[in-house]
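Inspection log for the structure reproduced underneath, given as structure tokens.
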Amino acid sequence: MKKQNTSHAVMAKRFEENDSLDDFPTPPWATRALFESTLKKYKSKLKKMKCLEPACNRGYMSRALKEYFKKVDSRDVWDYGFGKVQNFLETKYEKNSFDWVITNPPFNLAEEFLIKSLNICSHGTAILARTVFLESVGRYKNIFSKNPPTYFAQFTERVPMIKGRVDKQASTATGYAWFIWIKNSKINSKLTWIEPCRKLLEKEFDYEDFDKTINPKRKKKNILRSQYKLF
Ligand SMILES: C[S@@+](CC[C@H](N)C(=O)[O-])C[C@H]1O[C@@H](n2cnc3c(N)ncnc32)[C@H](O)[C@@H]1O
């Protein structure tokens, strides 16, 4: 397993190291898009299910997941003031610990996150990743040739993700897709497109600074982090 450097020195750098934590929060509409498009027919079942978001960051994806699931467990290796602090790759879970695992993992560890997620979910795993996650000989050998996704859902709109915050005005040149595995599904690698939906799914409060709502005991830690320009 690749070792990650979570030291302050590495976190303080402004550019993305190979072993960076990939602090790129997800605009909530991109999470809603998963359930309002590709997974629409599963929506009513999800209301009784439990989901793990193992790389929850500041909780932008977790809060959107809560709109669809009965329970969402949120964790992250770094303390952003939301969820439990836990290294996903070093935590032991029983098989079927969660119905679903849904996240956008750090790109450099996405393969490891995916393999682990598939081992611990009973119903499915969905990974939001750059479209280029679909290529590479390594990923073909380790994942796609053995266990291809049920759906590959390409965003037709761009999903702007920027370092350390969500911003309604942000733009990006990067394409993103949802990679979805549903256990025991008869569908195999179905290519779908997520129709333009941003306007419809975006909510007024989506871009709020949730630092205001975090546990005051953890706020101190956050202030310390920003003093040291840790992201
Ligand atoms: C792209 S961000 C995820 C954004 C988040 N899902 C959201 O809703 O905004 C990647 C996250 O993975 C976390 N991370 C990196 N390595 C991790 C690990 N080994 N275990 C758990 N979380 C990890 C980082 O701290 C970072 O918050």
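Computed quantities for the displayed model
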{"quantity": "Given (1) more than 11 Å from the chain's Cα centre (by Cα); (2) closer than 21 Å to Pro149 by Cβ, index of the condition Ile102 fails", "calculated": "(1)"}
{"quantity": "Residue within the range 73-95 that is modelled with pLDDT of 95 or more, under 23 Å from Val132 (Cβ atoms), crowded, with 18+ Cβ neighbours inside 10 Å and within 14 Å of the chain's Cα centre (by Cα) present", "calculated": "yes"}
{"quantity": "Residues satisfying the stated conditions in the range 137-163, i.e. surrounded by 16 or more Cβ atoms within 10 Å (Cβ to Cβ) and out of contact with any strand residue (DSSP E or B) (no Cβ under 7 Å at 6 or more places or on another chain)", "calculated": "Arg139, Ile143, Phe144, Glu157, Pro160, Met161"}
{"quantity": "Filter pass, Leu52 being of a type outside the set (D, E, K, R), under 11 Å from the mean Cα position of the chain (by Cα), buried (at least 17 other Cβ atoms within 10 Å of the Cβ) and more than 29 Å from Pro196 (Cβ to Cβ)", "calculated": "yes"}
{"quantity": "Qualifying positions in the range 116-133 - within 13 Å of the ligand (Cβ to nearest atom) and not basic (Lys, Arg)", "calculated": "Ser117, Ala126, Ile127, Leu128, Ala129, Phe133"}
{"quantity": "Residue count for the range 136-170, restricted to those that are modelled with pLDDT of 95 or more and assigned to a strand (DSSP E or B)", "calculated": "5"}
{"quantity": "Residue list for the range 86-97, restricted to those being within 9 Å of the ligand (Cβ to nearest atom) and either in contact with a strand residue (DSSP E or B) (Cβ under 7 Å, 6 or more places away or on another chain) or on the phi > 0 side of the Ramachandran plot (or both)", "calculated": "Gln86, Phe88"}
{"quantity": "Scan of the range 125-171 for residues that are among the polar types (S, T, N, Q) and without any contact (Cβ under 8 Å) to a residue 40 or more places away in the chain, ordered by number", "calculated": "Ser136, Asn142, Ser145, Asn147, Gln169, Ser171"}
{"quantity": "Set Ile120, Ile143, Ile127, Ile115: member being of a type in the set (A, V, I, L, M), touching an Asp or Glu at 6+ places or on another chain (Cβ under 9 Å) and under 24 Å from Thr192 (Cα atoms)", "calculated": "Ile143"}
{"quantity": "Restricting the range 59-85 to residues that are β-branched (Val, Ile, Thr) and either outside any loop (DSSP other than H, G, I, E, B) or farther than 25 Å from Arg165 by Cβ (or both), the residue that is nearest to the ligand (Cβ to nearest atom)", "calculated": "Val85"}
{"quantity": "Options Lys43, Lys2; residue that is more than 9 Å from the ligand (Cβ to nearest atom), part of a loop (DSSP other than H, G, I, E, B) and either at pLDDT below 95 or out of contact with any Lys or Arg (no Cβ under 8 Å at 6 or more places or on another chain) (or both)", "calculated": "Lys2"}
{"quantity": "Cross-chain or 6+ apart pairs with Cβ under 8 Å, the range 111-124 first and farther than 9 Å from Trp100 by Cα, then surrounded by fewer than 19 Cβ atoms within 10 Å (Cβ to Cβ) and among the basic types (Lys, Arg)", "calculated": "Glu111/Arg139; Glu112/Lys2; Asn119/Lys95"}
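The values are calculated or read from the model by the stated rules, or taken from the named source; none is laboratory data. In this text, all values refer to a predicted model and were calculated from it rather than measured experimentally. Methodologically, a virtual Cβ is constructed for each residue, glycine included, from the backbone with ideal geometry; neighbour enumeration extends over all protein chains shown.
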